[in-house]
Structure formats: C-alpha cells, structure tokens
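See structure below.
The values are calculated or read from the model by the stated rules, or taken from the named source; none is laboratory data. Only a predicted model underlies this, so the values are computations on that prediction, with no experimental measurement involved. Neighbour counts are summed over all protein chains in view; Cβ atoms, including those assigned to glycine, are modelled from backbone coordinates with ideal geometry.
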Amino acid sequence: MSLIVLQEKCKRILEPLGEMYALAVRIHLNFLKKKADKIPFPVISVGNISMGGTGKTPVCAFLAEYFAKKGKKPIILSRGYKSKPGRLPHLVKTNDNPGVCGDEPLLLARSLAGKAEVVVDPKRLRAARWAMENLSPDVFILDDGFQHVQLKRDRDLVLLTPHDLEAGWNRVFPCGSWREDEQALERADIFLINLWGRGIEEIKCLVAGRPSLRQRPVYYLDFQVEGLKNIDSGKYADNIHKKPYILVSGVANPQKIFTPIGNFLGYAPLSHLPFPDHHDFGRESVRAIIALAKEAGVHDAICTSKDAVKLKPVSGLRVWEMMVRVRILDGKEERFLERL
C-alpha cells in the first residue's frame, strides 16, 4: 500500500496530528525568525511547502544563469542533503564525490562551472558569511530555503505542483506531504507553479480556486529537454535516432519527467525504472538497470542530470543524461526576472 493511499484511508486520524505538526513548526520558525540575520547582499530563496521534488534545483540553476549573464557572481547555498563533507562550509568542486557534497549541489556545480559557486552547509548563514570572506559574491540563492528562516531574504519564491493544488492542498505531514500549513504561504513573495506537463489553462483554474494564492504574483513553469549527453563519452546529441529506450530515475515524483522526454524525442520510453529520491546507484541498482534493458530489448537508457552525477558508464548500455532548462510560460519570463 502506497503512503498516499494510507494517508487517505487514515485521514480522520492523521488530520489532527497534521494540525499539531503545523503548529509546532510555526512556533519553531517564529522563534528562529526572531534571531534571523540580514547580510549586505541580495538573498533569494527558492523553496516549497511540500516534501519531495517540485523543481527547486533547476530553478536555482536558472536564476544563477540569469545573474551570471548580467555580469553578477551568484552563490548558491545548499544544505547538501545526504552530504558528508570533511568540514563546513564546503565549496563544491566539479570533481567532488556526490557522497561528500550531495548529488544536487554537485549537479549545480557542474552545470554552472565558471558562472556560479555552490557552498554546502546546513547553517546557511555561516555559509553566507564564509562566502562573503572568500568568494566575492553579488547575490545569494538559497536552495530549499523556505523553512530556513535564520537568514533573511529579499525574495521568497515558493514552488507548487498540481498535486499541491488538488488532493495535497493543506495536507500537513503525517496527513499529507506539506511541511507547513496554508498559513505559511503568507511568507511567500512569488509563487511558481510547476505544471508537471499538464495544460496551463487547467492549472490556472486550480490556482483560481485557492484564495491564498491571489495576493502574490503567480508564474507557471515547465521543463524543456534541450539535448542529451552521453555519460561515458560526454558527447551531446539531439536524439537517439528513433531507437527504443528505457527511463531511469532517482528523483521525487518521477512521473514529472515523462512528458518532457517524450515531447523531446517524439515517443515515450518502453519502460521506466524508478528508484527512491537521492538514490546512490550501487551495484544492485546497475544490475537492475541492465536486467530491465535486456528485458525490453534496448541499448539506450535515459536519466536525469541529478542521477547522472552518480551513475557510472554501464557496460553494454548507452546511458544518456537529459539536458533540461526551465521555461517560464505565458510570455512572462522577462516580467518574472524583473521582479527579482
């Protein structure tokens, strides 16, 4: 039985627990906010209210690319989930081991090499002070920063998904996947809605039905695959010449990557092998990938960039990394960036 099904079956029992959890988080964050510090540089937080993947890391990369093009030096501050650096703060290098710095910080460091620096530290204020002394920053971007209130920010960007707007709305853990309740959305400056491949007009109707979202600007985003990169040779390709392929993912909400890759190639994968979020891809995982490829009769596998930093070349299989960029829809990308 899946967690979502279990939460739905036990909704009446879990709702009071969710309310208690939300109250405890609110009290805790209000206490931390009283001790929050401001630094003399712009700070932009990219976060969410739900647990799991909403697209925070690609949005951080998108913002860092924008500031770099403007001649600024952005610094991304990450807590480094599952990271184990020898000392903190840790400046992520492109040749770091993902077990040391975390998969998402390594992905950011590699994709933004020469444009931005990534610093890992659960204490983002300490990381910011270290960066000010050592990296000559112009702007800071907090990856997964909505609940990290110890560092004051100038813009709070909150990502939401269709699930957040529908069945997941205001369902706080353990009743649902939200970290806080609806009241927390008042802290947001801008809402970013990740369409997950669904139609924008459909999602706009969902947003219109949520009064909590009407007091802030709302923008809609989706992900567009721009190419593929072979993780063995590092060569780029526009396609795999109509060959069948399998999809491998170790991300939260893996269904969100189906539509972008299908749109890019023009056809869907024969099969999909999902692993847990932040999966390490050890020998057993590689054997499972090879077995699925043999069963499907394919020689090509496609994975996300987050998975590619942990996957080594697989014998007898061409493994491709999806190169993805964020798109702000409705012709409002410039307006969104101007608000920053």
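Worth pointing out:
- Hey, Tyr267 surrounded by 14 or more Cβ atoms within 10 Å (Cβ to Cβ), assigned by TED's automatic domain parsing to the domain that holds Cys303 and of a type in the set (Phe, Trp, Tyr) or not: no
- Search result, residues across region 171-208 that are assigned to a loop (DSSP other than H, G, I, E, B) and free of Cβ contacts under 8 Å to residues at least 24 places away in the same chain: Gly199
- Subset of region 191-244 that is among the hydroxyl-bearing types (Ser, Thr, Tyr) and surrounded by 12 or more Cβ atoms within 10 Å (Cβ to Cβ) - its residue that is farthest from Thr259 (Cα to Cα): Ser212
- Residues (touching a strand residue (DSSP E or B) at 6+ places or on another chain (Cβ under 6 Å) and hydroxyl-bearing (Ser, Thr, Tyr)) located in region 203-220: Tyr219, Tyr220
- When region 94-108 is limited to residues that are in a loop (DSSP other than H, G, I, E, B) and loosely packed, with under 15 Cβ neighbours inside 10 Å, the one that is modelled with the lowest pLDDT turns out to be Asn97.
- Here the condition is being surrounded by 13 or more Cβ atoms within 10 Å (Cβ to Cβ), under 17 Å from Val139 (Cβ atoms) and not aromatic (Phe, Trp, Tyr); of Gly47, Gly53, Gly18, it holds for Gly47 alone.
- Test: residue in region 251-269 that is closer than 29 Å to Val46 by Cβ, aliphatic (A, V, I, L, M) and in contact with a helix residue (DSSP H, G or I) (Cβ under 9 Å, 6 or more places away or on another chain): yes
- Some residue of region 245-258 being among the hydroxyl-bearing types (Ser, Thr, Tyr), surrounded by 19 or more Cβ atoms within 10 Å (Cβ to Cβ) and either in the same structural domain as Trp196 (by TED's automatic domain parsing) or closer than 21 Å to Val225 by Cα (or both): yes
- Selection from region 265-317 of residues that are over 19 Å from Pro98 (Cα atoms) and polar (S, T, N, Q): Ser271, Ser315
- The lone exception for Leu273 - which of (1) in contact (Cβ under 8 Å) with a residue 40 or more places away in the chain; (2) touching a Leu at 6+ places or on another chain (Cβ under 6 Å); (3) buried (at least 17 other Cβ atoms within 10 Å of the Cβ); (4) not small (Gly, Ala, Ser) it fails: (1)
- Matching strands (runs of 3 or more DSSP E) fully within region 261-339 where at least 1 residues are of a type in the set (Lys, Arg) and within 22 Å of the chain's Cα centre (by Cα): 318-328
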